[in-house]
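Comments concern the structure below.
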Amino acid sequence: MWISAAPWWEPIVRAASIYVALMLLMRLAGKRTLSQLTPFDLLVMLLLSEAVSPSMGGNDQSILGGIVRAATLIGLNLAVGYATAQSRSVERFIQGSPVVIGRHGTLFERAMRRQRIGRDDIDKALRQAQCTLPELELAVLEPDGQITVWKKSGESSGGDAASP
């Protein structure tokens, strides 16, 4: 079937509604969802796709409806990209802000819990930065979910970070 019996605007509204709802849910899920997917995270992402698929399509199985939904999602993604490039406040809302999770050799357990960062993640970032906890100057959870570590000596370590 090429053409849907549904009104022309219905696939757009359905796709946009699901896009916005998933964007908000992913934002609420936190930074760790965006980076370093575990097998369980991947499973959730695949099942999430299957869960929302009927809501996006409704009874519309037409080719044109699928193309309109796909174009809507791509258009919304481009619009969000443009909006985040134009406005720092929109960028912070969509992508989040960096969070300090350790300073001067001390880890901030409360911030780590709030961001759902485990000690293993910190230890891995320290190893990658060739830094021990007593050498830690600053540890930051970046908006993309990566952990950036600076050594007390003032030399940057890990990723492509510069001295704070």
Legend entry - Close pairs from region 128-144: first charged (D, E, K, R), partner assigned to a strand (DSSP E or B) and buried (at least 16 other Cβ atoms within 10 Å of the Cβ), Cβ under 6 Å, at least 6 apart: 135/151; 137/150; 137/151; 142/148
Inset, instruction - Please list, ordered by first then second residue, the pairs with beta carbon atoms under 6 Å, 6 or more apart or interchain, first in region 103-127 and among the basic types (Lys, Arg), second assigned to a helix (DSSP H, G or I). - result: 116/32
Legend entry - Criterion: surrounded by 18 or more Cβ atoms within 10 Å (Cβ to Cβ) and at pLDDT 95 or above - qualifying residue of 102, 96: 102
Inset, instruction - Taking the residues in region 55-76 that are under 14 Å from residue 20 (Cα atoms) and in contact with a helix residue (DSSP H, G or I) (Cβ under 8 Å, 6 or more places away or on another chain) as candidates, determine which candidate is surrounded by the fewest Cβ atoms within 10 Å (Cβ to Cβ). - result: 55
Legend entry - Matching residues in region 105-151 - criterion: being over 26 Å from residue 41 (Cα atoms) and either crowded, with 18+ Cβ neighbours inside 10 Å or not charged (D, E, K, R) (or both): 105, 106, 130, 131, 132, 133, 134, 136, 137, 138, 150, 151
Inset, instruction - Go through region 115-152 residue by residue and tally those that are within 20 Å of the chain's Cα centre (by Cα) and of a type in the set (Ser, Thr, Tyr). - result: 1
Inset, instruction - Only residues that are within 17 Å of residue 29 (Cα to Cα) and either aliphatic (A, V, I, L, M) or touching a helix residue (DSSP H, G or I) at 6+ places or on another chain (Cβ under 6 Å) (or both): list them for region 116-133, please. - result: 116, 117
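Residues are listed down the side, and each one gets a yes or a no for (1) part of a loop (DSSP other than H, G, I, E, B); (2) of a type outside the set (Gly, Ala, Ser); (3) at pLDDT 95 or above:
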position	(1), (2), (3)
59	yes, yes, no
81	no, no, no
92	no, yes, no
143	yes, yes, no
Legend entry - Residues located in region 51-78, provided they are of a type outside the set (Gly, Ala, Ser) and more than 30 Å from residue 90 (Cβ to Cβ): 54, 59, 60, 61, 63, 64
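The values are calculated or read from the model by the stated rules, or taken from the named source; none is laboratory data. Nothing here was measured: the structure is a model prediction, and the numbers come from that model. Backbone-built Cβ (ideal geometry, glycine too); neighbour counts: all protein chains shown.
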